[in-house]
Structures are given as structure tokens and as C-alpha cells.
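Take a look at the structure set out below.
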Amino acid sequence: MHGRLQDAPSIPAGVSVAATPLELQLHIDQRRPPCGLCDCRQQKTCGAARVGCSRRRFRALRPLSLLLIASLAVLFASLSASWMVCGNRLPALRQPSVPGRGWNHRLHVWDQLVSAVLGSPTPAPAPPPRPTPDTPLPGGPDAPPGFDSENVELTVLRYPHPALRRQNQNVVAFDGRLRKLADNLFRSMYAEDDGTGLAAPQVGVNLRVMVYNPEPGSTESETVFVNPKIVEYSGIADIKTESCLSFPNMRGPVKRSTWIKVQAVDWDGVPFSRTIRGMEARIFQHEYDHLDGVVYVDRIADSVLAGLQPNLDLLKEEYVKAGGQNPAT
Ligand SMILES: [Zn+2]
């Protein structure tokens with residue numbers, strides 16, 4: 001039974017009234033149970049249920065909510081596990097470069113980000129401190145005093161110093177002395193104009209240690225290689241002009257592979273491998289040659305080298321005049 005509201009002095013239970021032309025229906029049957037979606041007792045015809053019953057919305061969203069919560073839990077567990085496992089290994093991965101520089105800086109930013117969310121990982125058990133022996137590293141007969149001590153600027157030797165041609169030994173002692181040597185190599189390199197790389201024999205230390213920084217204006221790309229070995233050369237090579245701190249005031253074209261694969265250890269003796277490309281590959285090969293007693297003029301074509309001979313003769317004169325002994329060829 002239906003009727004307009006204004007026509008009904010009283011509305012008996014169980015009667016629905018069409019209140020407006022928009023067919024809004026008011027259900028007043030108090031005997032009906034709650035609609036099951038909310039407490040409104042409007043059941044299937046409940047207008048509130050159609051347009052926004054809170055329980056209905058919750059039911060619709062519940063599967064998505066559970067899925068979202070489960071995904072967040074899995075993500076959190078994965079991050080926690082990787083952070084706890086890998087977080088303790090990252091310091092070892094950083095060692096090929098100077099800590100806090102280069103890609104290590106990006107790792108540091110990632111550390112900060114993950115730490116902010118998950119907190120710091122359980123620190124790896126600290127290795128026992130290794131005392132720095134008083135005896136210097138075995139750097140050879142021309143190793144300058146204090147070359148592996150703190151903050152020592154070393155003199156870059158010039159052609160034809162015999163240390164440039166001497167055999168260089170692999171490093172076997174990995175302790176604080178090696179880090180100090182690497183720092184001193186960087187310090188000595190930056191003291192020279194346009195220095196982008198330096199090998200230990202260039203300062204009279206006949207050990208297989210080399211450093212370089214393709215971007216000397218920034219410390220981001222500082223890199224240290226100990227006992228490096230090139231295990232693969234690219235089939236493609238190019239020719240570019242090079243210079244060397246041991247051959248001042250001259251330069252010449254050298255053919256080099258455009259990329260190389262390298263194995264080495266860091267200054268803690270941890271092995272790593274790397275593929276190096278472009279200008280960095282050229283710098284690496286130049287410094288790597290020094291570790292084999294090879295200098296870049298050895299790779300310059302004879303026709304070009306003839307034009308550089310006056311420069312080489314002048315360097316020999318200066319070396320002898322300064323009291324240098326046993327000039328190398
Ligand atoms: Zn050089």
C-alpha cells in the first residue's frame with residue numbers, strides 16, 4: 001500500500017511510502033531485521049546501501065586491503081633480509097675505490113635511505129685490528145722513506161729513472177701501510193699539473209699498485225688497483241694522444257683497446273673484477289703499463305717518436321745533471 005506523506009496521518013508498520021517523484025523510498029518496518037550491510041533495516045531496497053553503506057564499501061575493499069597489507073609485509077621482509085645480509089657485505093664491496101667516493105657515494109645514499117626506513121643493520125663482527133708494522137712495505141731499492149706513512153707527498157720520478165723500468169712485485173701484506181701508500185699516490189698526483197693517474201713505480205715504489213681519477217676536480221672517481229691483471233682486451237682499439245707525469249712537456253699518440261676486463265684486489269686484499277671502458281680504460285692501460293716497466297713512448301710509432309727524441313734527450317741530460325745514476329733506456 002502506497003501513499004503520499006502529506007496524505008498519511010499515520011504510517012502503519014510494514015508500509016512503504018513513495019516520498020518524492022525521485023522514488024526515494026522510506027522503509028519503516030521495524031520488524032524487519034537489519035539489512036545485513038548496516039543497521040538501517042532497509043535490506044535489498046536500501047537506498048543508503050546502494051549509494052554508500054559503509055560496511056558494503058568495506059566488504060568491497062577488504063580483498064584489496066588484504067592484498068596491499070600482504071604485499072607490504074613481503075616487501076618489508078625482503079628489504080629487511082637483504083639489508084641484514086647485504087648490509088654487512090657492502091663495506092667490502094666499497095674497497096676498490098676510496099670510501100665515500102664514486103659509486104660508493106651512491107651506496108652510501110642507499111644506506112642512508114634504507115637505514116631511515118629499517119634502521120641500521122646488525123653490524124658485522126669487526127675484524128681484529130691489524131697493527132701496522134713499523135717496517136715499511138718492501139718497495140724496492142728506490143722506495144723513498146715514509147712512502148707508506150701518513151700524509152707524505154712523494155716526488156714523481158722522471159725518465160730515465162731506472163725505477164720506471166724495474167720489475168714490480170705483487171703486494172702480499174694488506175694492512176694500513178697500503179692505504180697510506182694509496183693516499184700518498186693521490187696526494188702526489190694532484191700536486192702535479194693535469195695528473196689523472198699514477199703508478200707506484202713512478203714514485204720509486206716497485207709494487208703493483210696504481211691509482212687514477214678521470215675527473216681530478218672531484219674525488220668521486222678516485223680508484224685504487226692492487227695487483228691488477230688485464231684478463232681480456234676489446235678487439236677494437238683507437239688512437240689518442242697521451243702524456244705522462246714522468247715525461248713532462250711532451251705527448252704522443254698511442255693505440256689502446258677501447259675496453260678491458262680487469263681482475264685485481266682492493267687495499268684489504270679482497271679480489272674483484274671490473275670491465276672498464278672509454279677514457280678510463282685508456283688511463284688504466286697507461287698506468288698498468290707502468291707496473292710492467294713499460295712507458296707510453298714505447299707504444300708510439302717510430303715515425304712520431306723521432307720527433308719526440310729531442311725531448312727525451314733533454315730529460316736524460318737533466319737526469320744526469322741532477323746526479324742520477326744508471327739511466328734507463
Ligand atoms: Zn705515465
Checklist line | Sole exception among (1) within 14 Å of the ligand (Cβ to nearest atom); (2) in contact with a Lys or Arg (Cβ under 7 Å, 6 or more places away or on another chain); (3) within 23 Å of Ser149 (Cα to Cα) for Thr241, by number | finding: (3)
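Let's see how each residue does on (1) of a type in the set (Ser, Thr, Tyr); (2) within 18 Å of the chain's Cα centre (by Cα):
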| site | (1), (2) |
| --- | --- |
| Val205 | no, no |
| Val211 | no, yes |
| Thr258 | yes, no |
| Ala264 | no, yes |
| Gly269 | no, no |
| Arg277 | no, yes |
| Asp289 | no, no |
| Gly293 | no, no |
Check: Tell me, which residue of region 154-177 that is within 28 Å of the chain's Cα centre (by Cα) and either closer than 22 Å to Ser218 by Cβ or not basic (Lys, Arg) (or both) is surrounded by the fewest Cβ atoms within 10 Å (Cβ to Cβ)?
Finding: Val172
Note to self: Looking at (1) farther than 21 Å from Tyr319 by Cα; (2) of a type outside the set (Gly, Ala, Ser); (3) within 16 Å of the ligand (Cβ to nearest atom); (4) buried (at least 20 other Cβ atoms within 10 Å of the Cβ), which one does Lys180 not meet, given that it meets all the others?
What the structure shows: (3)
Next item on the list: Look at Asn249 and say whether it is polar (S, T, N, Q) and modelled with pLDDT of 95 or more.
Entry: no
Next item on the list: Could you figure out which of (1) away from the ligand (no atom under 12 Å from the Cβ); (2) in a strand (DSSP E or B); (3) under 23 Å from Tyr159 (Cβ atoms) isn't true of Ala264?
Entry: (3)
Next item on the list: Any residue in region 229-251 that's in contact (Cβ under 8 Å) with a residue 60 or more places away in the chain and farther than 11 Å from Arg282 by Cα: show its pairings with residues that are within 12 Å of the ligand (Cβ to nearest atom) and among the basic types (Lys, Arg) at Cβ separation under 6 Å, as long as the two are six or more apart or on different chains.
Entry: Ser246/Arg158
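Just to verify a result, which residue in region 271-301, among those that are among the hydrophobic types (A, V, I, L, M, F, W, C) and surrounded by fewer than 16 Cβ atoms within 10 Å (Cβ to Cβ), is nearest to the ligand (Cβ to nearest atom)?
The initial filter retains those residues of region 271-301 that are among the hydrophobic types (A, V, I, L, M, F, W, C), namely 272, 276, 279, 281, 283-284, 291, 294-295, 297, 300-301.
Those left that are additionally surrounded by fewer than 16 Cβ atoms within 10 Å (Cβ to Cβ): 272, 279, 294, 301.
Values: Phe272: 24, Met279: 15, Val294: 10, Ala301: 18 Å.
Among residues in region 271-301 that are among the hydrophobic types (A, V, I, L, M, F, W, C) and surrounded by fewer than 16 Cβ atoms within 10 Å (Cβ to Cβ), the one nearest to the ligand (Cβ to nearest atom) is Val294.
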Next item on the list: Filter region 155-177 for residues that are farther than 14 Å from Pro145 by Cα and away from the ligand (no atom under 14 Å from the Cβ) and give the result.
Entry: Pro162, Arg166, Gln167, Gln169, Asn170, Val171, Val172, Ala173, Phe174, Asp175, Gly176
Item checked: Matching entry among Leu308, Leu315 (being outside any strand (DSSP E or B), within 16 Å of the ligand (Cβ to nearest atom) and touching a helix residue (DSSP H, G or I) at 6+ places or on another chain (Cβ under 9 Å)) -> Leu308
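The values are calculated or read from the model by the stated rules, or taken from the named source; none is laboratory data. All values reported here derive from a predicted model rather than from experimental measurement. When we count neighbours, we look across all protein chains shown, and the Cβ atoms used for this are built from the backbone with ideal geometry, even at glycine.
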